[in-house]
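As structure tokens, the structure follows; a few thoughts come after it.
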Amino acid sequence: MAEEAVVKKRKVMVALDGSDFSRQAFDFAVAKIFRPEKDLVVLFNVRAASGDAGAENPILEEYKKLAEEKGLEHVTIEEKGDPREAIISTVEKESVDLLVIGSHGKGMTKRLLLGSVSDYCAHHSSCPVLIHRPQPKKA
């Protein structure tokens, strides 16, 4: 009797913050990256520390429905705290193979003064990072 090889699914994590930028990154990943039969999609959100513990997370609920509509195997993870540290920590803890994150399109000066979550992740992640740049709205 031939044994079936167990194929480990690739874990692709999408960092979601409820912005149009993270929606564009998710839509890009759906169109160009996710392979429903081979990927486990990790839908990730950092809730403000003041958020209600145990309350439903509307951002994750929205993307959970979208993932189900697209036939994507998925899990949701919610953390609290600094988004940069939470994303990097989850990438390591969950052994993520690819991180997808949207860019808010800040210029260099704002990035230097305010910091950039996507820039931080690109420099500190233990896995490849795809940063989706904002696309202009179609008229």
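Values as computed for the structure displayed
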item	result
Length added when fully stretched, SER89-ALA31, from 0.36 nm per residue minus Cα-Cα	18.2 nm
Using a Förster distance of 30 Å, the FRET efficiency for SER126-ALA48 (Cβ separation, nearest 0.05)	0.70
Segments 124-132, 84-92 sorted - mean Cβ within 10 Å per residue, highest first	84-92, 124-132
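Any read-out appearing in this document is the output of simple, stated calculations on the displayed coordinates, not a laboratory observation. Here the structure is a predicted model, which is why all the values come from computation and not from measurement. Virtual Cβ from ideal backbone geometry, glycine too; neighbours counted across all protein chains shown.
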